[in-house]
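Below you'll find the structure, written out as structure tokens, and then a few comments.
The values are calculated or read from the model by the stated rules, or taken from the named source; none is laboratory data. Here the structure is a predicted model, which is why all the values come from computation and not from measurement. Every residue, glycine as well, gets a Cβ built from its backbone with ideal geometry; the counts of neighbours run over all protein chains shown. Accessible surface is based on the protein model in full, side chains and every heavy atom, while ligands, DNA and RNA are left aside. Shrake-Rupley method; radii C 1.70, N 1.55, O 1.52, S 1.80 Å.
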Amino acid sequence: MTTVSPLGPLDLPRPEWFEPSLKALVQESAPRVYALVEEFATESGVLNAEVAAWGLAFGEGPTRVLREGHNGVTLARSPESAARLYSLMLSNPVRVIWADGDARVNPCTPAQVD
């Protein structure tokens with residue numbers, strides 16, 4: 001009886017097209033990264049802002065939000081709904097700023113939350 005040892009994926013030859021295909025796969029399926037930015041007035045009345053949390057948007061479907069120094073992940077229907085939630089939590093306007101530079105969401109204030 002002959003035993004044939006199966007090849008693992010690391011043992012297979014890699015054609016030239018494989019690496020570029022992997023990179024394209026990752027780029028097409030990668031989530032978009034965004035920041036939830038809280039806007040507030042300092043004690044001296046100057047407008048300031050800070051990143052309240054970071055989010056990952058996976059195309060259609062829920063988005064995940066993480067806060068530095070906090071355990072756990074918040075799920076929201078969209079980045080905009082996450083901004084409304086954080087605006088309520090922080091009692092300040094919160095807006096979505098995309099890490100790729102697209103800042104198309106207007107600030108959400110606690111009064112605007114449904």
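Computed over region 62-103, the percent of Cα pairs more than 13 Å apart is 59. Ignoring ligands, DNA and RNA, please state the percent of accessible area on region 20-70 from carbon and sulfur, probe 1.4 Å. Roughly 57 percent, rounded to a whole number. Each label point was placed 7 Å from the Cα along the Cα-to-Cβ direction; for residue 27 and residue 80 their separation is 2.9 nm.
Inter-label distance, residue 68 to residue 54: 0.9 nm, where each label sits 7 Å from its Cα along the C-beta direction.
Shown here for region 20-103: GluC sites (Glu not before Pro) in loop regions (DSSP other than H, G, I, E, B) with at most 14 other Cβ atoms within 10 Å, namely 43, 60, 68.
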